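The structure appears below as structure tokens.
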Amino acid sequence: MTATNITTGLTKQEAIRRAEALVTVLAERAAATEQLRRVPDESISDLKQAGLVSIARPERFGGPGLDYDAAFEVGYTLAQGCASTAWITGLTHIHDYAAGRASVQAQEAYFSAPDTMSASAFAPMGKVTPVDGGWMFEGAWATSSGCDHATWVLLGGAVVEGDMVLAMVPRDAVEIVDDWHVAGLRGTGSKTVRISEPVFVPEWRWIPRFGGDANLEMRDEYERPSYGAPVAGMLPFPQISVLLGTARAAVDTFAKQAMERRIPGGARIADQVPIQVRLAESEAEVDAALLLARSTIAELMKRGAAGDTFSVEDRVTWRRNHAYVAKLCVQAVNRVYDAAGGGAIYDRNPMQRFHRDVHAGSHHIGLNWDDNSVLYGRVRLGLEPQGLFW
């Protein structure tokens with residue numbers, strides 16, 4: 001079955017339902033995913049068969065015509081089974097969304113294969129040399145999540161009047177360096193990709209990355225409100241969805257285990273007041289974080305559809321919201337993990353994985369609370385903004 005067959009007419013609710021159907025099997029594979037340090041081929045096949053890697057694919061290339069809010073909900077759901085699997089699925093959504101802003105020629109190349117999956121390394125770590133008709137890329141780019149399953153690798157580089165963009169490089173043109181040995185999100189396979197011999201990238205094969213305002217032409221062509229919103233305001237939601245799904249799974253698992261555990265003498269853990277208080281507070285934090293994330297994405301899409309202009313205050317508020325959602329998720333998981341008992345540190349207990357994964361995800365550069373809170377605070381107090389991606 002092709003991507004077009006699977007995704008034609010796919011609604012947001014049906015996409016969520018398909019994601020829900022995979023949660024249990026992804027959870028069962030989560031330990032193996034960590035051991036492999038990449039998402040198993042079986043899980044990739046399941047995601048493709050469900051049409052979930054193609055949520056953000058443009059309709060003209062067989063996509064379902066869904067927008068960023070649907071991708072967010074799918075990521076949130078999948079992460080309740082396996083954060084690493086949700087992470088690389090969400091990155092594919094980001095990349096497909098970004099590719100929709102590229103030239104028609106670049107889009108035709110990028111989406112030429114069904115179920116395109118891609119990896120990226122946004123930081124411009126390599127060397128870029130202008131040549132006739134394009135650029136030569138060489139060097140190494142770290143943390144390229146999902147590179148094992150990618151058709152394309154999107155590499156950051158300054159190629160267009162000093163602007164930072166993503167060059168589309170075929171997966172077989174890069175070498176994967178097996179250096180992803182980390183504490184959390186181990187299954188994302190976020191390895192370094194290296195180009196030892198310079199690779200030519202033609203001048204048309206790049207994707208706009210950060211900066212700039214609404215791409216209204218793309219918004220109208222694809223009927224996607226998200227294209228009318230600032231790119232930096234939209235990009236973090238797939239990562240946020242993973243933290244939210246992980247935190248939800250941690251709270252649910254904590255409650256289940258508390259009802260099953262007993263202390264010496266036979267008393268139930270669930271009858272202890274501190275356990276009840278921790279559960280209530282952590283669940284409230286996850287609920288609040290989810291509401292904040294959903295309301296923020298809804299506002300961005302509503303105003304993007306209307307063709308609004310966006311102030312500096314708007315942009316830094318969204319950056320604050322992204323980082324605060326991450327902060328709430330970490331707090332919620334920390335609180336229940338601290339009360340989960342000695343059994344929580346065993347590999348067989350998913351609590352230790354939730355704890356590691358939510359911390360690893362919160363270290364993403366776009367979700368750092370210190371940077372984004374200062375960015376917001378400066379503007380709120382009438383000072384010039386300082387920071388990345390606003």
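Any residue in region 41-53 that is within 24 Å of residue 177 (Cβ to Cβ), touching a residue at least 60 places away in the same chain (Cβ under 8 Å) and under 19 Å from the mean Cα position of the chain (by Cα)?
yes
Could you go through region 11-33 and let me know if any residue there is of a type in the set (A, V, I, L, M, F, W, C) and outside any helix (DSSP H, G or I).
No, every residue in region 11-33 fails to be of a type in the set (A, V, I, L, M, F, W, C) and outside any helix (DSSP H, G or I).
Scan 156, 126 and give me the residue that is touching an Asp or Glu at 6+ places or on another chain (Cβ under 9 Å) and either within 16 Å of residue 98 (Cα to Cα) or not aliphatic (A, V, I, L, M) (or both). Even if it seems obvious, please write down each step before you answer.
Values: 156 fails: touching an Asp or Glu at 6+ places or on another chain (Cβ under 9 Å).
Answer to the selection: 126.
Can you tell me which residue is nearest to residue 189 (Cα to Cα) among those in region 357-371 that are free of Cβ contacts under 8 Å to residues at least 60 places away in the same chain and not aromatic (Phe, Trp, Tyr)?
363
Given 305, 332, 293, which one is touching a His at 6+ places or on another chain (Cβ under 9 Å), in the same structural domain as residue 356 (by TED's automatic domain parsing) and touching a residue at least 60 places away in the same chain (Cβ under 8 Å)?
Answer to the selection: 293.
From the list 276, 257, which one is of a type outside the set (A, V, I, L, M), farther than 26 Å from residue 88 by Cα, crowded, with 18+ Cβ neighbours inside 10 Å and modelled with pLDDT of 95 or more?
257
Report, by residue number, each residue of region 261-310 that is in a loop (DSSP other than H, G, I, E, B) and of a type outside the set (Phe, Trp, Tyr).
261, 263, 264, 265, 266, 267, 272, 307, 308, 309
Given (1) more than 15 Å from residue 170 (Cα to Cα); (2) surrounded by 24 or more Cβ atoms within 10 Å (Cβ to Cβ); (3) in the same structural domain as residue 173 (by TED's automatic domain parsing), where does residue 147 come up short, assuming only one miss?
Here residue 147 clears every test but (1).
Look through region 356-390, keep the residues that are over 17 Å from residue 84 (Cα atoms) and β-branched (Val, Ile, Thr), and return whichever of them is modelled with the lowest pLDDT.
Here the answer is 365.
From the list 339, 332, pick out the single residue that is surrounded by fewer than 23 Cβ atoms within 10 Å (Cβ to Cβ) and aliphatic (A, V, I, L, M).
Just one listed residue meets the conditions, 339.
The values are calculated or read from the model by the stated rules, or taken from the named source; none is laboratory data. This structure is a prediction, so every number in the text was calculated from the model and none was measured. Every residue, glycine among them, receives a Cβ derived from its backbone with ideal geometry; neighbour counts consider all protein chains shown.
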